[in-house]
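First up is the structure itself, then whatever we jot down about it.
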Amino acid sequence: MPPLPILANPLSGWHASLLLMQRRECVILIHDTTHFAVFIPCLNKPDFANLNNLFEDSFINSLLKCGANQVQLDSAQQLMAPLQIDSVCNRSVQGTMNRMAGDIENFLHYDQVDVSQITGNRIGAWLAARPCNIKGQKACVFPAEAMLGLLDESVLLLNTQQGLVESDEKIRTDTPSNVISMLEFQRKK
């Protein structure tokens with residue numbers, strides 16, 4: 001199956017920041033839509049050459065810590081694309097990223113934890129369980145719930161793209177007249 005275009009891929013769009021914590025270089029990445037965090041602690045120079053693999057590993061392990069099921073994990077792995085860098089920025093995501101970086105520093109300082117002794121997926125899951133504000137939305141969003149919901153929706157997208165889900169036309173023609181189709185009901189709204 002060919003990969004989805006970047007704009008159509010629900011897992012595209014991440015903001016990243018390089019953090020210096022306890023004289024160690026760490027990276028935090030925040031998903032634009034869900035504000036799901038991936039934290040990668042204690043990087044050295046060779047790790048930056050392998051950042052794409054570290055990101056994928058940390059992302060999948062953070063999803064596991066958040067309670068993702070196998071279907072969601074498979075969907076995430078199918079949607080993963082190589083990291084690409086551009087100059088687009090979102091101030092709402094940057095604000096969330098700054099708050100999360102402060103939360104990590106606070107955790108390390110007040111609990112007297114050495115950053116080299118923590119795992120990124122544990123911190124990522126901890127951050128994903130906390131509510132976030134997203135510009136334009138009144139209610140708070142829990143990043144773990146939002147990311148798992150996004151992966152559930154993307155399963156349908158992937159199945160449709162692979163031809164595993166019947167098309168709308170086939171559903172409409174095969175449905176008896178006394179059965180109400182959810183697709184037709186949603187279109188009437």
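Here are a few things to note about the model shown:
- Of the residues making up region 113-144, just one is closer than 16 Å to H31 by Cβ, of a type in the set (D, E, K, R) and either in a helix (DSSP H, G or I) or modelled with pLDDT under 90 (or both), namely K135.
- Filtered residues of region 123-140 (kept if surrounded by fewer than 18 Cβ atoms within 10 Å (Cβ to Cβ) and over 17 Å from N69 (Cα atoms)): R130, P131, N133, K135, G136, Q137, K138, A139, C140
- Taken over region 145-165, the residue count meeting the criterion of being at pLDDT 90 or above and more than 19 Å from S12 (Cβ to Cβ) is 1.
- Verdict on I118 being among the β-branched types (V, I, T), in contact with a helix residue (DSSP H, G or I) (Cβ under 7 Å, 6 or more places away or on another chain) and surrounded by 15 or more Cβ atoms within 10 Å (Cβ to Cβ): no
The values are calculated or read from the model by the stated rules, or taken from the named source; none is laboratory data. Treat the numbers as computed from the prediction; the structure is a model and nothing was measured. Methodologically, a virtual Cβ is constructed for each residue, glycine included, from the backbone with ideal geometry; neighbour enumeration extends over all protein chains shown.
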